[in-house]
Amino acid sequence: MFRAFLDGTSLSNFISSWAKLARGESLDSGLTPLFDRSKLDSFKLNKPPRFEHPEFLPPPLWTKRDEVMQHELGTALMVLTKGQVQKLKNKANDFGSGHGKVPVRGFTSFEVISGHLWRCMCRVRYLGDASQPTRLNTLVNCRNRLRPSLPTAYFGNATFPTVTETCSFDDIMQKPLGYAVRKVSESIERMRDEYVRSALDYIERVEDMDLFRDTFYNSAGKGREDPNVNVVGWANFSYFKTDFGWGKPVILLPGNINSNAKAFLLDTASGDGFVVAVCLRRSYVDALKKLFFEDIEKHASKL
């Protein structure tokens, strides 16, 4: 429900302001909520979408019919140090540099962790069909990607979905880590002003919003196996600085993840690493945890 009204930035600003009031402090005037919805009104220009938008099309499903059945779900929690993330970056950048595809800025922590998770999820769910299609979905905060950018105090939802190119399990499992990471990076990089405004025009023309939401958020059904991965980034927010008067938070985690193959990437309270929380078939949880960390060290040993 909340995702329809606000995003992580809006929620973080709201909680920070709430905490200041609880401590008896004055509100930051720069964070007084701005509710001007015309800031994201592209349809007034009456333009048709200028791009294809695969993020709004149905995702790949399992080619094996038995994977349509319901499965008991569990949650894997994995804590990464910044040193482990750097190992992943080194390996991903090493692959990309040989293919001319590393962005000038280098791959981000979100991109390498997401690409690594995608590979591991394909491996633990592999059922013998190397051609099984898969993609990674995520959300991008487009506040500073629009021109002009949205004001800091804009209160609402300015995150837009994006998806990687559809790949095969074989591509993701067998090719180097940098291949999967590059696909994630490319899906994020295309979220620029013209593309986002084209997405707004696309959404404006959708007649059945219920069907539209189900297509992106619940492709396989909450308890059903899903060959894709949906990663939500909750890092780089100010939640751990929030103090209502009785101290700062010691942990931040989603209250419940009940959608198969959905993952959250969060900061640790100390700021020296990341937490990955992912929902998947309960029988796969231990295998994912083992592979997730073993593969990092395997990557590092090849550098």
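Assorted remarks:
- Cα centroid separation, segment 130-158 to segment 174-203: 9 Å.
- Label-point separation, LYS241 to SER29 (7 Å along Cα→Cβ), nm: 2.0 nm
- DSSP bridge orientation in segment 2-301 - percent antiparallel, rounded to nearest 5: 70 percent
- Candidates per GluC sites (Glu not before Pro) in segment 101-208, loop by DSSP, up to 16 other Cβ within 10 Å: GLU165, GLU207
- Relative contact order of the chain: 31 percent, from C-alpha pairs under 8 Å at least 6 residues apart in sequence.
- Paramagnetic label zone (point 7 Å from Cα along Cα-to-C-beta, TRP18; backbone N under 17 Å) in segment 233-261: 237-256
- Vicinal HN-Hα couplings computed from phi for segment 191-199 (Karplus, 6.51 cos²θ - 1.76 cosθ + 1.60; Hz; Gly/Pro x): 7, 10, 3, 5, 5, 5, 5, 5, 4
- Bridging of LYS39 to lysines at a Cα separation below 20 Å is possible for LYS47, once same-chain residues fewer than 8 apart are set aside.
- Fewest-first ordering of ASP272, ASP94 by other beta carbons within 10 Å of each residue's beta carbon gives ASP272, ASP94.
- Summarising the amide proton neighbourhood of TYR154: residues at separation of 5 or more, or on other chains, whose placed amide H is nearer than 5 Å comprise LEU34.
- Per DSSP, loop chymotrypsin sites (Phe, Trp or Tyr not before Pro) in segment 224-281 with at most 16 further Cβ within 10 Å: PHE244, TRP246
- Remark: ARG23, ARG197, ARG123 ranked as ARG23, ARG123, ARG197, counting other beta-carbon atoms within 10 Å and listing the fewest first.
- With helices as the sole contributors, the chain gives -11000 deg cm²/dmol at 222 nm; each DSSP H run of n ≥ 4 counts as -39500 (n - 2.57), and the sum is divided by every residue.
- √(5λ) per eigenvalue of the Cα gyration tensor, the chain, largest first, Å: 31, 25, 20
- Rounded to whole numbers, the Karplus 3J(HN,Hα) couplings from phi for segment 82-89 are 5, x, 5, 5, 5, 4, 5, 4 Hz, using 6.51 cos²θ - 1.76 cosθ + 1.60 with θ = phi - 60°, and x at Gly and Pro.
- For ILE296, ILE172, order by how many other beta-carbon atoms lie within 10 Å, fewest first: ILE296, ILE172
- In this structure, the residue pairs whose Cα-Cα separation is over 22 Å, taken from LYS175/LYS290; LYS87/LYS248; LYS87/LYS262; LYS91/LYS298, are LYS87/LYS248; LYS87/LYS262.
Only the coordinates and a few stated rules stand behind these numbers; no lab work does. Quick caveat: nothing in here was measured; it's all calculated off a predicted structure. All Cβ positions, glycine included, derive from the backbone under ideal geometry; neighbour counts span all protein chains shown.
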